[in-house]
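The values are calculated or read from the model by the stated rules, or taken from the named source; none is laboratory data. No experiment lies behind these values; they were computed from the predicted model shown. Methodologically, a virtual Cβ is constructed for each residue, glycine included, from the backbone with ideal geometry; neighbour enumeration extends over all protein chains shown. Keep in mind that these areas ignore ligands, DNA and RNA; they rest on the heavy atoms of the full protein, side chains included. Shrake-Rupley method; radii C 1.70, N 1.55, O 1.52, S 1.80 Å.
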Amino acid sequence: MKAFTFKRYGESNVLNPDTLEKPEPKANELLVKIHATSVTAGDWRIRSGKPLPIRFFVGLFKPKNHLLGHEFAGVVEEIGIEVSDFQVGDKVFGSLGMNSGTYAEYVVVDSGMPMAKIPEGLSFEEAAVVPVGFLSAYYFLQKVDLQPGMKVLIHGVSGSVGSAILQLAKVKNAHVVGVCSSKNASWVKKWGADQVICYDREDFTQLTQKFDLIINAVGKTSFREVNHMLAGSGKYLAVDAAMTDYLDLFIQSLSGKNEQIQVGIAEQKREDLVVIQALLKAKKIKPYLDRVYRFEELPAAHAYVEMGKKAGNVGIMVA
Ligand SMILES: NC(=O)c1ccc[n+]([C@@H]2O[C@H](COP(=O)([O-])OP(=O)(O)OC[C@H]3O[C@@H](n4cnc5c(N)ncnc54)[C@H](OP(=O)(O)O)[C@@H]3O)[C@@H](O)[C@H]2O)c1
């Protein structure tokens with residue numbers, strides 16, 4: 001099968017076309033023919049091997065797994081004898097969680113992984129960019145009791161996770177203020193934000209409003225920077241935490257006040273993807289594609305996402 005592999009860390013040109021054996025599913029696995037995948041922030045970080053601590057998980061001097069790619073959309077081609085909830089021919093989308101391996105024509109997926117049938121009307125490219133952004137957004141929002149009318153500020157609202165948090169917060173009828181560049185402001189407004197602050201025109205930390213929830217969605221702010229903007233019982237969620245956030249979390253925990261700052265790694269769960277699938281079916285949320293590249297253009301797609309300026313998501317057509 002055709003694939004893209006990387007055998008050393010570096011720029012996007014370390015990704016090279018390759019030919020691999022087509023995998024075979026075990027009893028509890030499915031074989032999916034991939035029609036589309038994506039480039040996430042995690043993909044380019046692992047490819048570059050930076051920041052260095054990431055290498056403790058993915059290989060100290062060179063990548064342990066040569067296949068990248070975390071999300072997929074495609075068609076079930078074979079099922080193991082223990083798999084009962086999917087059938088050959090089902091159009092599915094999902095994520096490999098902490099594993100990778102979707103930069104290829106086929107992937108075997110453990111039947112317990114987050115995977116669901118693609119809702120009617122979604123293309124493979126749209127479905128492929130749903131899992132990582134929406135499952136991360138859903139995981140972090142479950143840490144707070146979001147109520148209608150609550151004031152939420154999302155810093156980095158135009159990214160994959162940010163655009164998903166925005167939509168899930170609007171499903172709960174929260175009042176959302178999004179921070180992004182002026183380039184992406186009109187998109188963010190279209191995606192449902194009540195107010196947009198362009199960080200290249202205005203200093204969002206000077207806002208006089210208080211927020212019940214402030215979300216650091218792309219690692220460009222910190223609890224220290226936004227603490228004064230939180231309402232009395234307001235919370236700060238860091239999808240990409242600053243170093244000082246860990247320190248402040250520790251300091252707060254010493255005084256038993258350890259609920260205000262939330263950091264962590266999102267768990268991607270099958271049951272959460274089912275909730276996301278229902279919201280997609282009901283047309284309450286939508287994946288937003290900035291660009292779609294052909295499979296042969298994967299290195300160019302990585303270079304684009306690495307610039308950190310995309311609006312929503314970047315999809316890859318595989319078949
Ligand atoms: N903790 C977890 O489990 C978890 C899960 C998923 C992702 N993550 C991490 O979360 C982060 C976000 O992921 P993502 O996929 O959403 O990233 P992304 O899509 O690559 O985010 C890029 C976005 O950030 C915006 N941006 C860049 N500089 C900014 C600034 N100074 N202020 C505000 N916005 C800025 C860009 O928009 P503009 O051009 O408008 O600035 C762009 O839309 C990544 O670091 C990723 O590794 C963590």
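Here Leu254 clears all of (1) out of contact with any Ser or Thr (no Cβ under 8 Å at 6 or more places or on another chain); (2) buried (at least 16 other Cβ atoms within 10 Å of the Cβ); (3) of a type in the set (A, V, I, L, M, F, W, C) except the condition numbered (2). Annotation for segment 216-225: no member residue is part of a helix (DSSP H, G or I), modelled with pLDDT under 95 and out of contact with any Asp or Glu (no Cβ under 8 Å at 6 or more places or on another chain). Yes or no: segment 281-288 includes at least one residue that is within 14 Å of the ligand (Cβ to nearest atom) and open to solvent by 40 Å² or more (accessible area, probe 1.4 Å). Yes: segment 281-288 contains one or more residues that are within 14 Å of the ligand (Cβ to nearest atom) and open to solvent by 40 Å² or more (accessible area, probe 1.4 Å). Looking across segment 130-150, the residues that are open to solvent by less than 10 Å² (accessible area, probe 1.4 Å) and near the ligand (Cβ under 9 Å from one of its atoms) come down to Gly133, Leu135, Ala137, Phe140. Can you tell me which residue within segment 186-204, out of those that are in a helix (DSSP H, G or I) and open to solvent by 20 Å² or more (accessible area, probe 1.4 Å), is nearest to the ligand (Cβ to nearest atom)? Only one residue fits best here, namely Trp187. Restricting Leu153, Leu96, Leu166, Leu68 to those that are within 16 Å of the ligand (Cβ to nearest atom), at pLDDT 95 or above, within 21 Å of His35 (Cβ to Cβ) and open to solvent by less than 10 Å² (accessible area, probe 1.4 Å) reduces the list to Leu68.
The set of residues from segment 296-319 being of a type outside the set (Gly, Ala, Ser), in a loop (DSSP other than H, G, I, E, B) and either crowded, with 16+ Cβ neighbours inside 10 Å or away from the ligand (no atom under 15 Å from the Cβ) (or both) comprises Lys310, Val318. Would you say Tyr293 is within 16 Å of the ligand (Cβ to nearest atom) and open to solvent by less than 70 Å² (accessible area, probe 1.4 Å)? So Tyr293 fits the description; yes.
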